[in-house]
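Chemist: Starting off with a structure, shown below.
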Amino acid sequence: MSNPVQSGGTVIIAQDRCKGCELCIPACPPRVLSMSTEKNALGYYFPELAEGCTGCTACHLVCPDYVFEVYRLLPPQPSQSQTSAVQ
Amino acid sequence: MNVAATVPPPNSVKRSPFGTKLLLSEDHPLCPGCGHPVALRVILEVLEELSLVGRSVGIFGHGCSAMMIGQMDVDLNLSLHGRAPATATGVKRMLPDRAVFTMQGDGDMVSEGLAEVLHTAARSEKITCFLLNNGVFGDTGGHMTAASVIGQRTKTDLTGRKAEEHGYPIPISKLVASLDGVSYVARASVHNAAGITQAKRFVRKAFEHQMQRTGFSLVEILTMCPTGWVSKTADGPAYMMETLGQQMGLGELKDSLAAG
C-alpha cells in the first residue's frame with residue numbers, strides 16, 4: 001500500500017485526428033502537454049504527454065477534435081500486484 | 001519524451017472517453033480550434049445524463065453548427081435557414097413528451113431567423129434552443145452577422161465592426177429574456193475547462209425547465225472561430241473573451257424556477 005504512485009493519471013492521444021489547435025497546452029493544469037516536432041498524417045503537430053499527468057480531464061474538456069481519452073491510475077493493491085498486468 | 005498511453009493502462013479507471021457514446025464517429029470536418037464540437041459534446045453528454053436518449057429530437061439549422069449531424073445517434077431534422085424553432089414547435093406539439101431542442105449558429109438564429117426564435121419564445125413553446133454564437137457566418141466564409149460585437153474582426157471587416165458604419169449587434173439573449181413566456185436564458189462560453197463546465201450546467205438546467213414545461217429556454221454558448229476571426233487557433237479563446245465575452249458577459253439572464 002505504501003508504494004507511491006508515479007503519476008495519478010494518463011491519457012491516450014488519438015494523434016492522427018489532431019488538427020494542431022494547441023488549445024490543450026494552456027488548458028493542462030500540471031503543464032505536461034507539449035506540441036510534437038513531427039507532423040501527423042493530416043500535416044499537423046500534435047500534443048505529447050510528459051510525466052506528471054493527474055488525470056483531471058481538462059484536455060478532454062477543451063479539445064474540439066476529441067483527441068484525449070483520460071484514465072485515472074488506481075493505487076496498486078498488494079494482493080493484486082501479481083495479476084494486475086493481465087487486466 | 002511522449003509518455004502517453006497507447007492502450008488502456010492496467011489498474012485504472014476511464015475518466016472520459018474520446019467523445020461521448022452518442023457520437024458515432026469522432027472525425028469531423030470543422031476547422032482547427034473550432035468551439036462547436038465542444039459545445040455539441042456538452043449537449044450530447046447532458047442528453048445521456050438526463051436519460052433523454054431515445055426520446056429527444058434535435059432540430060438543426062444551417063451552417064457550421066450542422067456539420068456533424070451525420071455522426072450523432074440522436075433523432076434529427078435539418079431545418080431551413082433560421083427556421084429551426086418553427087420546426088421544433090411542430091415537433092414538440094405533436095410529441096409533447098420528447099425533449100426537443102434546436103441547435104443554431106448566430107448567423108442562422110440572429111441574422112436569418114430572428115423572427116422565428118422571437119415568436120417561438122413569445123408563444124412560450126416548451127422547447128430548448130441552443131445558440132452557438134461565434135459572431136461570424138463560418139460556413140460561408142466568415143463574414144459578419146447581426147450578432148458580431150463592436151470591434152470584432154471578421155473576414156469582411158478586418159479592422160473590426162464599427163458602430164457608425166455597421167450599426168450595433170442584436171443582443172438575442174437579452175431580447176428573449178425580456179419576453180414573458182420565457183423560462184430560462186443563460187449565456188456560457190467554451191473558452192476554458194471552467195467555462196465548459198458552466199456551459200454544461202446551463203444546458204442541463206435548460207432541459208430541466210423544458211421537461212417541467214415551464215416555458216421556452218435558450219442557452220447561448222460562445223464558441224471560437226479562429227478561421228473567421230483571422231486569429232491563431234491558440235489565441236481563439238483569449239480573443240473571444242476580449243470581444244464577445246467581455247461585451248456580453250456570461251451567466252444566467254433569466255431563471256423562472258429560481259425566482260418563483
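Each reported figure results from applying straightforward, stated rules to the coordinates on display, with no laboratory input. No experiment lies behind these values; they were computed from the predicted model shown. Please note: Cβ atoms are built from the backbone with ideal geometry, for glycine as well, and neighbour counts cover all protein chains shown.
Chemist: Hey, fewest Cβ within 10 Å first, where do B:VAL42, B:VAL3 land in order?
Modeler: Least crowded to most crowded, the residues run B:VAL3, B:VAL42.
Chemist: So which trypsin sites (Lys or Arg not before Pro) in region A:29-74 are both in a DSSP loop and have at most 15 other Cβ atoms within 10 Å of their Cβ?
Modeler: In loop regions of region A:29-74 (DSSP not H, G, I, E or B), the sparsely surrounded trypsin sites (Lys or Arg not before Pro) are A:ARG31.
Chemist: According to the Kirkwood expression over distinct Cα-Cα pairs, how big is the hydrodynamic radius of chain B, in Å? Before the final figure, lay out the partial values.
Modeler: Details: mean 1/r = 0.0540 Å⁻¹.
This gives a value of 18.5 Å.
Chemist: 5 Å is the cut-off here: which amide hydrogens, built 1.01 Å from N in the peptide plane, fall below it relative to B:VAL100, excluding neighbours closer than 5 in sequence?
Modeler: B:VAL57, B:THR128
Chemist: Taking Rh as the Kirkwood radius, which is the inverse of the mean 1/r over Cα pairs, what is the Rg/Rh value for region B:4-155?
Modeler: In region B:4-155, Rg relative to Rh is 1.02.
Chemist: Next question. Shielding by partners for B:221-230, please: the mean number of other protein chain Cβ atoms within 10 Å of each residue's Cβ.
Modeler: On the way: counts 0, 0, 1, 3, 0, 2, 0, 0, 0, 0.
Rounded to a whole number, the mean comes out at 1.
Chemist: Which value in nm describes the separation of the simple spin-label points at B:HIS166 and B:ALA238, placed 7 Å from the Cα toward the beta carbon?
Modeler: 2.2 nm
Chemist: May I pose another question? Which of the DSSP-defined H helices in chain B satisfy a minimum axial length of 18 Å, computed from C-alpha atoms, and a minimum mean Kyte-Doolittle hydropathy of -1.0?
Modeler: B:36-49, B:193-211
Chemist: Also, quick follow-up: Indicate, rounded to the nearest 5 percent, the antiparallel portion of the DSSP beta bridges found entirely in the protein assembly as shown.
Modeler: 40 percent
Chemist: In addition: Work out the FRET efficiency for A:GLN77 and B:GLN247 from their Cβ-Cβ distance, taking R0 = 51 Å, and round it to the nearest 0.05.
Modeler: About 0.45, to the nearest 0.05.
Chemist: Would you mind listing how long region A:9-74 runs along its three principal axes, going by Cα atoms, in whole Å with the largest first?
Modeler: 35, 19, 18
Chemist: Grab the beta carbon distance between B:SER178 and B:ASP27, set R0 = 41 Å, and tell me the FRET efficiency rounded to 0.05.
Modeler: 0.50
Chemist: Let me ask you something else. With label points built 7 Å along Cα→Cβ from the Cα atoms of B:LEU158 and B:LEU78, find their separation and express it in nm.
Modeler: Simple spin-label model gives 3.3 nm for this pair.
Chemist: Multiplying the sequence separation of B:THR197 and B:VAL13 by 0.36 nm and subtracting their Cα-Cα distance, what value in nm do you get? Walk me through the intermediate numbers first.
Modeler: Numbers: separation 184, 0.36 × 184 = 66.24 nm, distance 2.09 nm.
Gain on stretching B:THR197 to B:VAL13: 64.1 nm.
Chemist: May I pose another question? Of all the stretches in chain B, which is the longest one without any exposed loop site, taking trypsin sites (Lys or Arg not before Pro) in a DSSP loop (any state but H, G, I, E, B) with at most 15 other Cβ atoms within 10 Å?
Modeler: That gives B:56-122 as the longest site-free run.
Chemist: As an exercise, use a Förster radius of 41 Å and the Cβ-Cβ distance of A:ALA50 and B:VAL53 to find the FRET efficiency, rounded to the nearest 0.05.
Modeler: Details: r = 37 Å, r/R0 = 0.91.
Calculated transfer efficiency: 0.65.
Chemist: Just want to confirm a number: the relative contact order over region A:9-74, from Cα pairs under 8 angstrom separated by 6+ residues, in percent.
Modeler: Value for region A:9-74: 46 percent.
Chemist: Moving to a separate point now. Of the cross-linked pairs B:LYS126/B:LYS205; A:LYS39/B:LYS155; A:LYS19/B:LYS205; B:LYS126/B:LYS254, which ones have a Cα-Cα span greater than 22 Å in the structure shown?
Modeler: The pairs that break the limit, which is 22 Å between Cα atoms, are A:LYS39/B:LYS155; A:LYS19/B:LYS205.
Chemist: List the residues whose amide H sits under 5 Å from the amide H of A:MET35, counting only those 5 or more places along or on another chain, with H placed 1.01 Å from N in the peptide plane.
Modeler: Counting only residues 5 or more places away or on other chains, the set is A:GLU48.
Chemist: Let me ask something else about it. What does the charge count near B:ALA146 come to, summing +1 for each Lys or Arg and -1 for each Asp or Glu among other residues with Cβ under 12 Å from its Cβ?
Modeler: Taking every Cβ under 12 Å from that of B:ALA146, the sum is -2.
Chemist: Expressed in nm², what is the orientationally averaged projection area of the convex hull enclosing the Cα positions of the protein assembly as shown? Can you show the working numbers first?
Modeler: On the way: hull surface 77.1 nm².
Spelled out: convex hull of the Cα atoms, projected over all directions, averaged, 19.3 nm².
Chemist: Looking only at other chains, what is the average number of their beta-carbon atoms within 10 angstrom of each beta-carbon in A:25-31? Write down the numbers at each step before the final one.
Modeler: Values: counts 1, 4, 5, 1, 1, 0, 0.
The per-residue average across the peptide is 2.
Chemist: Run the paramagnetic zone check for A:GLU38: 7 angstrom along Cα to Cβ, then residues of region B:1-29 with backbone nitrogen under 17 Å.
Modeler: Inside the label zone: B:1-6.
Chemist: A follow-up question, please. Counting partner chain Cβ atoms within 10 Å of every residue's Cβ in A:15-23, what's the average?
Modeler: Details: counts 3, 1, 5, 1, 7, 4, 10, 7, 14.
What the average comes to for A:15-23 is 6.
Chemist: Name the residues whose placed amide hydrogens come within less than 5 Å of the amide hydrogen of B:ASP75, ignoring near sequence neighbours (fewer than 5 apart) on the same chain.
Modeler: Those lying under 5 Å, H to H, from B:ASP75 are B:GLY54, B:SER56, B:GLY58.
Chemist: Pairs of alpha-carbon atoms within less than 8 angstrom and 6+ residues apart define the contacts here; what relative contact order does chain B have, in percent?
Modeler: Taking the mean separation of contacting Cα pairs over the length of chain B, I get 19 percent.
Chemist: Which lysines have a Cα lying under 29 Å from the Cα of B:LYS162, excluding residues fewer than 8 positions away in the same chain?
Modeler: In chain and number order, the partners are B:LYS174, B:LYS232.
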